[in-house]
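Trainee: Mind having a look at this structure? Questions to follow.
The values are calculated or read from the model by the stated rules, or taken from the named source; none is laboratory data. Not measured: the values here are computed from a predicted model. Because the Cβ atoms are built from the backbone with ideal geometry, glycine has one as well, and the counts that use them run over all protein chains shown.
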Amino acid sequence: MENSLRPTNFDEFIGQNSIIESLKVYIKAALMRDTSLDHTLLVGHAGLGKTSLAYIIAKELKQNIVTINANAIENPKDLIIALSKLGEGDVLFIDEIHALSSNCEEVLYSAMEDFYVNINVKNDTKKDVIKFELPPFTLIGATTRVECLSKPLLDRFPIRFNFQKYSNNEIVKILENAARKENIFYKKRALKVISSVSRLTPRIALNIFKRINDYSLIDNYKSIDHIYVCGVLRKIGIRDMGLNDLDIRYLEMLHNEYNDKPVGINTITSYLNENIKVIEEMVENYLIEIAFIKKTSKGRVITSKGITYLYSIHKK
């Protein structure tokens with residue numbers, strides 16, 4: 001179902017209008033020149049459509065795409081294997097590219113600039129270096145943490161796009177398209193409720209949409225209205241503004257356990273029994289965005305707005 005809900009072309013891709021318009025020009029120019037598209041970097045929070053757009057780019061170029069996640073690349077050999085699968089003009093998509101090791105980055109430098117990699121080959125007496133030629137290709141990198149990319153790697157991306165948050169209207173349009181594809185009837189107000197708790201992120205909105213569809217299938221509910229949606233949201237633990245149980249536990253910890261005083265990230269991860277990446281990327285980014293917490297030199301602090309929110313949900 002997740003793949004079926006992904007946009008498959010530029011017309012289906014909702015939002016990021018300036019990015020789409022620029023990409024159409026760059027892709028058309030590359031096709032007219034009969035050259036590969038310049039290497040492209042997609043920057044933005046998780047769930048905004050970077051992976052979907054990478055697949056659309058490959059489709060518009062009429063090329064194959066090889067996809068890898070940088071977290072799964074243990075050494076340069078893994079990266080060279082992925083590069084060896086590319087044909088002329090193909091797309092290599094590296095998700096979370098900021099997680100590449102420095103050794104892997106060095107492999108990419110020659111691959112991106114001059115389309116070759118050096119391979120070390122051992123024999124009985126010495127090591128030989130073989131120059132392995134690559135066909136011209138397009139590297140598309142996606143990252144949630146562009147500040148972690150080294151400058152030499154960053155400089156090798158002539159095309160860079162920063163994804164923006166979506167509007168409520170754009171999220172509703174995405175949900176309308178999803179409902180139409182799945183042949184499920186949603187009333188407009190119901191989709192607006194989903195949008196209001198989606199953190200204005202397509203992936204989150206579609207995940208909620210799928211969970212509501214699960215409940216409606218079991219309940220044999222044919223016409224999904226806002227009352228039904230609100231009921232399902234309560235069952236799956238999604239509160240006003242899209243906060244979930246982990247977000248609430250985080251806020252309650254700062255307010256109740258530490259009396260609104262600054263708390264360090266290691267203490268927070270230990271208390272919540274979650275890893276630092278989940279806390280920073282899935283919890284704190286959003287809580288900072290909506291001004292429920294702030295970072296200080298001494299640690300994380302809940303704001304008056306965050307405290308007011310806690311009181312409001314406990315009154316319900």
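Trainee: Give the range 64-78 a look and list any residue that's within 24 Å of VAL43 (Cβ to Cβ) and either modelled with pLDDT under 95 or more than 22 Å from the chain's Cα centre (by Cα) (or both), or say none.
Mentor: Result: ASN71, ALA72, ILE73, ASP78.
Trainee: I need every pair where a residue in the range 176-190 that is assigned by TED's automatic domain parsing to the domain that holds ASN220 has its Cβ under 6 Å from the Cβ of a residue that is of a type in the set (Phe, Trp, Tyr), sequence separation at least 6 or different chains.
Mentor: Within 6 Å, the pairs are ALA178/PHE209; ALA179/TYR186.
Trainee: For the range 42-55, name all the residues that are buried (at least 22 other Cβ atoms within 10 Å of the Cβ) and out of contact with any Ser or Thr (no Cβ under 7 Å at 6 or more places or on another chain).
Mentor: Answer for the range 42-55, where residues must be buried (at least 22 other Cβ atoms within 10 Å of the Cβ) and out of contact with any Ser or Thr (no Cβ under 7 Å at 6 or more places or on another chain): LEU42, GLY49, LYS50, LEU53, ALA54.
Trainee: Inspect the range 305-312 for any residue being exposed (fewer than 15 other Cβ atoms within 10 Å of the Cβ), farther than 26 Å from HIS45 by Cβ, free of Cβ contacts under 8 Å to residues at least 24 places away in the same chain and among the hydroxyl-bearing types (Ser, Thr, Tyr) and give the result as yes or no.
Mentor: yes
Trainee: Let me ask something else. Yes or no: LEU200 buried (at least 17 other Cβ atoms within 10 Å of the Cβ) and not in a helix (DSSP H, G or I)? Talk me through it step by step, then tell me what you get.
Mentor: Values: buried (at least 17 other Cβ atoms within 10 Å of the Cβ): yes; not in a helix (DSSP H, G or I): yes.
Criteria met by LEU200.
Trainee: While we're looking at this one, here's another question. Pull up the range 210-231, narrow it to residues that are of a type in the set (A, V, I, L, M, F, W, C) and closer than 14 Å to VAL193 by Cα, then point me to the one that is farthest from the chain's Cα centre (by Cα). Write out each step before concluding.
Mentor: Restricting attention to the range 210-231, the residues satisfying the condition of being of a type in the set (A, V, I, L, M, F, W, C) are 212, 217-218, 224, 227, 229-230.
Next, from what is left, pick out any that are closer than 14 Å to VAL193 by Cα: 212, 224, 227, 229-230.
On the way: ILE212: 22, ILE224: 28, ILE227: 30, VAL229: 25, CYS230: 26 Å.
Filtering first and then ranking leaves ILE227.
Trainee: Kindly establish whether ILE194 is touching a Pro at 6+ places or on another chain (Cβ under 7 Å) and outside the structural domain of TYR26 (by TED's automatic domain parsing). Steps first, answer last, please.
Mentor: Working: touching a Pro at 6+ places or on another chain (Cβ under 7 Å): no; outside the structural domain of TYR26 (by TED's automatic domain parsing): yes.
Spelling it out, it is not the case that ILE194 is touching a Pro at 6+ places or on another chain (Cβ under 7 Å) and outside the structural domain of TYR26 (by TED's automatic domain parsing).
Trainee: Look at ARG234 and say whether it is charged (D, E, K, R), without any contact (Cβ under 8 Å) to a residue 40 or more places away in the chain and within 30 Å of VAL301 (Cβ to Cβ).
Mentor: Details: charged (D, E, K, R): yes; without any contact (Cβ under 8 Å) to a residue 40 or more places away in the chain: yes; within 30 Å of VAL301 (Cβ to Cβ): yes.
Here the answer is yes, as ARG234 does meet what is asked.
Trainee: Which of (1) surrounded by 13 or more Cβ atoms within 10 Å (Cβ to Cβ); (2) closer than 16 Å to ILE159 by Cα; (3) among the basic types (Lys, Arg) is the odd one out, the single condition LYS24 does not satisfy?
Mentor: Result: LYS24 passes all but (1).
Each row is one residue, and each column tells you yes or no for (1) closer than 30 Å to ASP90 by Cα; (2) surrounded by 22 or more Cβ atoms within 10 Å (Cβ to Cβ); (3) in contact with an Asp or Glu (Cβ under 8 Å, 6 or more places away or on another chain).
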site: ILE140; (1), (2), (3): yes, yes, no
site: VAL146; (1), (2), (3): yes, no, no
site: LYS165; (1), (2), (3): yes, no, no
site: ASN168; (1), (2), (3): no, no, no
site: ALA178; (1), (2), (3): yes, yes, no
site: ARG189; (1), (2), (3): no, no, yes
site: ILE194; (1), (2), (3): no, yes, no
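Trainee: So, in the range 214-233, exactly how many residues are aromatic (Phe, Trp, Tyr) and closer than 15 Å to LYS188 by Cβ?
Mentor: 1
Trainee: Which condition breaks for LEU61 when tested against (1) within 21 Å of the chain's Cα centre (by Cα); (2) closer than 17 Å to PRO7 by Cα; (3) of a type outside the set (Asp, Glu)?
Mentor: Failing condition for LEU61: (1).
Trainee: Something else about it: Tell me the residue from VAL129, VAL172, VAL117, VAL121 that is touching a Ser or Thr at 6+ places or on another chain (Cβ under 7 Å) and modelled with pLDDT under 95, please. Working first, answer last.
Mentor: Values: VAL129 fails: touching a Ser or Thr at 6+ places or on another chain (Cβ under 7 Å); VAL172 fails: modelled with pLDDT under 95; VAL121 fails: touching a Ser or Thr at 6+ places or on another chain (Cβ under 7 Å).
Matching residue, one of VAL129, VAL172, VAL117, VAL121: VAL117.
Trainee: Follow-up question, since we're still on this one. Residue by residue through the range 265-279, note down the ones that are within 22 Å of ILE307 (Cβ to Cβ) and within 17 Å of the chain's Cα centre (by Cα).
Mentor: Once the filter is applied, which keeps residues that are within 22 Å of ILE307 (Cβ to Cβ) and within 17 Å of the chain's Cα centre (by Cα), the range 265-279 yields only ILE279.
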